[in-house]
Amino acid sequence: MNIAERVKNILLKPKSEWQIIASETTTTGELYRSYIIPLAAIGPIASIIGMSLVGISMPFMGTYHVPLSMSIAHAVVSYTLTLISVYVVSLIINALAPTFSGEKDGIQALKVAAYSSTAAWLAGIFALIPVLSLLGLVGLYSLYLLYLGLPMLMKAPQEKALIYTVVVVISAIVIFFIVGAISNVFISYPSSTMHMPGMPGIR
């Protein structure tokens with residue numbers, strides 16, 4: 001599988017690409033090595049550059065450059081938890097399949113969790129420039145990819161695809177909220193009452 005082709009196809013022609021994905025034979029390790037690990041790294045790497053080198057614009061305080069050691073710790077933790085979260089989401093997808101008249105299949109569930117996350121992972125590039133972080137909302141396209149992939153790979157009836165997607169998304173939101181909360185423990189920002197422009201780290 002060519003990762004560039006897969007990314008392009010899942011984004012531009014997802015319906016036909018999901019059909020190809022559904023018929024592919026793979027393993028958990030292969031899927032992680034060839035797709036999940038490299039794509040999930042985009043956001044964490046971009047965040048290191050954005051937070052420490054570009055800096056975060058803070059109202060009335062100038063630009064704050066997060067210490068490199070801090071941004072790296074944040075990125076490593078975030079990346080590790082993301083890799084774990086993809087698998088956890090796949091377990092949820094698989095466990096819920098019978099509830100929505102689908103068929104349980106661990107590998108197919110992991111495919112759905114991985115490939116539907118493509119848009120969200122690519123959107124992580126906007127972390128290079130923190131002020132543009134809101135553009136990361138384009139990653140919401142992953143919800144549409146999930147909606148298309150779930151019924152096809154898990155063999156759930158189309159009429160149940162929407163509610164199946166909603167339940168999975170809610171579960172994923174909870175998981176990624178926890179990931180974000182844990183990752184942010186490693187980032188501290190200057191207090192407006194304790195730091196003024198010109199202080200170390202702010203300019």
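Annotations for the structure displayed:
- Filter result (assigned to a helix (DSSP H, G or I) and either among the small types (Gly, Ala, Ser) or at pLDDT below 95 (or both)) within the range 27-41: GLY29, SER34, ALA40
- Checked against the criterion of being at pLDDT 75 or above, of a type in the set (D, E, K, R) and in a loop (DSSP other than H, G, I, E, B), the range 89-104 contains one or more residues that satisfy it.
- Cβ separations smaller than 9 Å between residues 6+ apart or across chains give the following pairs from the range 52-78 residues that are under 26 Å from ILE37 (Cβ atoms) and modelled with pLDDT of 65 or more to residues that are aliphatic (A, V, I, L, M) and assigned to a strand (DSSP E or B): VAL66/ILE56.
- Flag for ILE173 being surrounded by fewer than 18 Cβ atoms within 10 Å (Cβ to Cβ), more than 19 Å from MET51 (Cβ to Cβ) and at pLDDT below 95: yes
- Among (1) at pLDDT below 90; (2) assigned to a helix (DSSP H, G or I) - the single one ILE84 does not satisfy: (1)
- Residues that are assigned to a helix (DSSP H, G or I), under 11 Å from the mean Cα position of the chain (by Cα) and not charged (D, E, K, R) are absent from the range 148-155.
- Within the range 17-35, the set of residues being within 14 Å of MET152 (Cβ to Cβ) and loosely packed, with under 11 Cβ neighbours inside 10 Å comprises just one member, SER23.
The values are calculated or read from the model by the stated rules, or taken from the named source; none is laboratory data. Predicted model only: the values in this text are computed from it and were never measured. Every residue, glycine as well, gets a Cβ built from its backbone with ideal geometry; the counts of neighbours run over all protein chains shown.
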